[in-house]
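A.B. asks: Below: one structure in C-alpha cells.
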Amino acid sequence: MNIRHWLPTPQKMSDAVQLRASGFTETTMRQSLGMVFLLGLLAGFLPFLVNWQQAASAGTALPLARLGAQASLIQQAPLDYVFPLFSPAQIVELFQLIAGLPQPLPGWLAAFFSALGEWINWPLRWLALWIVYGALVMVCNSVLGATCRLQPFFAATGFASAPLLLVGLSPIPCFGRVCALVGVIWAFVVYIRANESVTHLPRLRSLAAVLLPLLFILIVTLSAIALFLLSVYLFATEF
C-alpha cells in the first residue's frame with residue numbers, strides 16, 4: 001500500500017492553508033479521508049496525555065474523574081431553577097458516589113484505556129463532522145445552483161482539517177484557547193475557499209452555502225434544549 005494513495009502531498013496542504021486555488025485540485029477523496037484521520041490523531045495526542053494524567057491522578061477512568069471534578073462546579077450552579085426537585089448538594093453527592101465506584105482494573109490502567117478511547121474518538125469525530133456537515137453544504141450548493149460532484153467536493157474541503165491541528169493545543173492554559181480559536185476560524189476560511197474553488201459559485205453564494213448548515217444546526221440545537229427544559233419544568237411542577 002502506497003502512502004501517497006492515502007495522503008495528499010505536503011505542498012498541497014501548504015497551498016490549501018494559504019488559500020491558493022492549486023491546493024484544492026488533483027486530490028482524491030481517499031487522500032482527504034486519510035489526511036483528516038491522521039490530523040485528528042495528531043491533534044488529539046496532547047489532550048490524550050493530559051486526560052491520562054488527570055485520570056491517573058484520580059485513580060479512576062476518565063469519565064469518572066471528570067464527573068468527580070465537576071462536583072465542585074455543580075455546587076456553585078443555580079440548578080434549583082432547572083431541577084427544583086433536587087438540591088445541588090444531592091446532585092454533588094450522587095456524582096461523588098458514582099465517581100468512587102469500584103473498578104475491575106487498576107486505576108492507572110483504567111485511566112490509560114479510557115484516555116486512549118477518547119484519543120481514538122478525535123479522528124472519528126473529525127470524519128463524522130467532515131462527512132455530515134459536508135453533505136448539508138452540498139445540499140445548499142445544489143440549491144444555490146452548483147453542479148459539483150461529491151468526490152471533488154470532499155477532496156477539497158478535507159483540507160480544512162489542517163488548521164484544526166491548533167485545536168490540539170487547547171489544554172495549554174490561555175495560549176491553547178487562543179490557538180484553538182485561531183484554528184477554528186482559519187479552518188472555516190479554508191472551507192469557504194475550498195467550496196468556492198470546487199463549485200465555482202460566487203463568493204457570497206459560497207459563503208451562504210457554508211453558513212446555512214450552521215444556522216440550521218444552531219436552530220435545531222436550541223429547539224432541543226428548549227424542549228428539554230420545558231419538559232423538565234412541566235414534570236417538576238406536577239409534583
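The values are calculated or read from the model by the stated rules, or taken from the named source; none is laboratory data. Remember, it's a predicted structure, so these values are computed and weren't measured experimentally. Backbone-built Cβ (ideal geometry, glycine too); neighbour counts: all protein chains shown. Remember, those area values only see protein heavy atoms, side chains included, never the ligands or the DNA or RNA. Shrake-Rupley method; radii C 1.70, N 1.55, O 1.52, S 1.80 Å.
A.B. asks: Considering only region 134-185, how many residues are open to solvent by 60 Å² or more (accessible area, probe 1.4 Å) and on the phi > 0 side of the Ramachandran plot?
C.D. replies: 1
A.B. asks: While we're looking at this one, here's another question. Determine which single condition PHE86 fails, assuming it passes every other condition in (1) at pLDDT 80 or above; (2) touching a Leu at 6+ places or on another chain (Cβ under 8 Å).
C.D. replies: (1)
A.B. asks: In region 1-37, what count of residues is obtained for those that are open to solvent by 20 Å² or more (accessible area, probe 1.4 Å) and part of a helix (DSSP H, G or I)?
C.D. replies: The qualifying residues number 16.
A.B. asks: Kindly evaluate ILE131 against the criterion of being within 30 Å of ALA21 (Cα to Cα), in a helix (DSSP H, G or I) and either touching a strand residue (DSSP E or B) at 6+ places or on another chain (Cβ under 7 Å) or open to solvent by 60 Å² or more (accessible area, probe 1.4 Å) (or both).
C.D. replies: yes
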